[in-house]
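See structure below.
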Amino acid sequence: MTLVPSAPLPALPAAPKMRPSKPSPRVCLVPPVSPSPCITERPCPVTTLLRPARRGRPDQFQSSVHKPADFDAFWAEVEAELAATPLDPEFAPVPMRSTPEVEVFEVHYTSLDGVRIAGWYCRPREAYIAGPYPGLAIVPGYVSEPTLPKSWAKMGYAAFGVAPRGKLRSNRQFNPGYPGLLIQNIVDPQTYSYRGFYADAARAIDVLAELPEVVGDRIGVHGSSQGGALTLSTAALRKANVACGAAGAPYLTGFMDAAKLTHSYPYEEMNEYLRLYPERETAMRDTVAYFDCLNFAPSITAPMLVYAGHNDDVCPPETAYNLVDALTNCEVTFHTYDRCGHDAGNYWEMAAVEAFLAEHLRPTTPNAGLRAQTTVG
């Protein structure tokens, strides 16, 4: 295990006085598994771990997730369907959104089941930064819509803001709504909503890799919450192209455990479903196992940055620690933040995300002072 010191972080306001049954230790780093990934420690802004006593320490939580015996065969079948589906990308220039430094395009391409998927593609103008460029897919949270990743393009990336099925401009053929996406056909893996959703994100990498101005094996993925989950699934499904990924507050990680640890949406959708259909719990568990990021994790080989807030009531931090344990075949940097919730400490973390992506993707950035738009889940 390599410990790399980092610069001190800005101080947060003092923690409120609490009287737990016994002192809670500061927890920033989960012990590595064997064989050990490379895990880097980052100091937390404050030193108290504020978790309800009944939850215990998040780094000691035992996951109940199982991996189906035919997990790899299931996704090989999805890949075969995608390979038989023409990508058929279309790029429409958007002069109103473009700037002297960045060209903006509205993109559409075909994914699983013939669904047309939209997105925003932003690339540096040749006069501003000469190509080729590393690619960067920005994947969205559950309720947030994809932003125009112009700030990333200004930093030297060919950046693609992806709108998987159900998001705006990708919802004509599929629109379960929010809430709704998480439990759409959740008792059948062949028709479950995330089968297509994950495929849509993976296909965005195919779009980037085909562009002549993009270096096809220097593509990164970044997002938080659902975007963190898509970062992980895409890194597993597109290993030949994805050079690194930065996943904040990873959602869809330990589905069934998370639904028991929190009553916040979106996981509350699962609890509501089971209150109405309690007899379907086994079918639900069997289905989501094919989509759980804990089961994708061992397939990931690209370096990964994972960050989480210890007080996240949307994506419980226990599942982030389980994820880091499951990332056994890649270099992992894991940052945790006490007294931070679903934001996962992004006030401090965005600088770390930018540095991590730049280290692995090597963009030509004309101004070291440029900053990316803050990623939200």
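Where a number appears in this text, it was derived from the coordinates with a stated rule and is not lab data. A quick note: this is a predicted structure, and the numbers were derived from the prediction, not measured. Don't worry about glycine lacking a Cβ; one is built from the backbone with ideal geometry, like all the others, and counts go over all protein chains shown.
Can you put Leu252, Leu274 in order of Cβ neighbours within 10 angstrom, beginning with the fewest?
On the way: Leu252 28, Leu274 17.
Result, fewest neighbours first: Leu274, Leu252.
How long are the semi-axes of the equivalent ellipsoid of the range 251-377, defined as square roots of 5 times the Cα gyration tensor eigenvalues? Whole Å, largest first. Mind showing how you got there, number by number?
Details: eigenvalues 198, 61, 28 Å².
Rounded to whole Å, the semi-axes are 32, 17, 12.
Please figure out what share of the DSSP beta bridges in the chain is antiparallel and state it in percent, rounded to the nearest 5.
So the antiparallel bridges amount to about 40 percent of the total.
Under a no-solvent Debye model with one identical scatterer per Cα of the range 142-183, what's log10 I(q)/I(0) at q = 0.25 Å⁻¹?
-0.82
Given only helices, namely DSSP H runs of n ≥ 4 each adding -39500 (n - 2.57), what is the per-residue ellipticity at 222 nm of the chain, to the nearest 500 deg cm²/dmol? Mind showing how you got there, number by number?
Values: 10 runs with 102 residues, N = 377.
Dividing the helical sum by the residues of the chain leaves -8000 deg cm²/dmol.
With no solvent and one equal point scatterer placed on each C-alpha of the chain, evaluate the Debye formula and give log10 I(q)/I(0) for q = 0.06, 0.10, 0.12 Å⁻¹, two decimals.
Evaluating at q = 0.06, 0.10, 0.12 Å⁻¹ gives log10 I(q)/I(0) of -0.21, -0.60, -0.88.
Arrange the following residues from fewest to most other Cβ atoms within 10 Å of their Cβ: Glu318, Glu279. Present the calculation step by step, with values, prior to reporting the outcome.
Values: Glu318 27, Glu279 7.
In increasing order of surrounding Cβ atoms, one gets Glu279, Glu318.
Please compute the Kirkwood hydrodynamic radius over the range 323-372, one decimal place, Å, based on all pairs of different Cα atoms. Intermediate results must be reported in sequence, preceding the final value.
On the way: mean 1/r = 0.0769 Å⁻¹.
So the Kirkwood estimate lands at 13.0 Å.
Collect residues whose amide H, placed 1.01 Å from N in the peptide plane, falls under 5 Å from the amide H of Arg218; neighbours closer than 5 in sequence don't count.
Counting only residues 5 or more places away or on other chains, the set is Gly135.
Among Cys340, Cys315, rank each residue by its count of other Cβ atoms within 10 Å, from fewest to most, as a rough exposure measure.
On the way: Cys340 25, Cys315 33.
Going from sparsest to densest Cβ surroundings: Cys340, Cys315.
What is the extension gain from Asn175 to Ala355, computed as 0.36 nm multiplied by their sequence separation minus the C-alpha to C-alpha distance, in nm to one decimal?
Numbers: separation 180, 0.36 × 180 = 64.80 nm, distance 3.61 nm.
Separation in residues times 0.36 nm, less the Cα-Cα distance, equals 61.2 nm.
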